[in-house]
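The structure appears right after this line, and notes come after that.
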């Protein structure tokens with residue numbers, strides 16, 4: 001049931017990937033990834049930090065970083081969208097939408113970006129409250 005979506009705006013692109021384990025969004029300038037953010041885990045949040053055991057990503061975000069809110073199962077491709085922000089010359093930003101609600105933000109250089117689903121900054125996402133999303 002995973003999916004790969006692409007949203008284009010001028011030279012920019014947001015790619016949202018759900019691989020049935022975890023979902024991420026990526027902001028691309030041409031072919032270069034300039035921002036990324038964890039969106040949600042498809043199953044229970046792990047207790048351990050999976051990047052510590054030498055595994056290759058993409059990684060599920062551990063419970064210590066997440067709000068524990070369920071995104072609602074299952075998330076289908078029709079539930080995901082992007083709203084382009086700042087295209088007026090103030091700098092490009094993209095809000096990733098889940099069921100028409102902004103859940104994450106990407107902007108060039110933000111690695112990681114911001115998510116409403118995290119309670120503590122980590123390597124996969126920063127708290128959206130710190131972004132003034």
Relative contact order of the chain (C-alpha contacts under 8 Å, at least 6 apart) in percent is 21
Nearest-0.05 FRET efficiency for residue 78 and residue 21 at R0 = 35 Å, using Cβ-Cβ distance, is 0.95
Stretched fully, the stretch from residue 120 through residue 48 gains (0.36 nm per residue minus C-alpha distance, one decimal, in nm) 24.4 nm
Across 67, 78, 115, the residue with the highest GNM fluctuation in the chain (Cα network, 10 Å cutoff) is 78
Between (1) 40, 32, 26; (2) 42, 29, 26; (3) 59, 25, 25, the structure-derived Cα extents along the principal axes in Å is (2)
The extension gain from residue 64 to residue 9, computed as 0.36 nm times the residue separation minus the Cα-Cα distance, is 16.3 nm
Rounded to the nearest Å, the spacing of the alpha-carbon centers of segment 59-85 and segment 4-31 is 14
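Every number here is computed from the coordinates shown, using simple stated rules; none is lab data. Quick caveat: nothing in here was measured; it's all calculated off a predicted structure. No Cβ is skipped: glycine too gets one built from the backbone with ideal geometry, and neighbour counts run over all protein chains shown.
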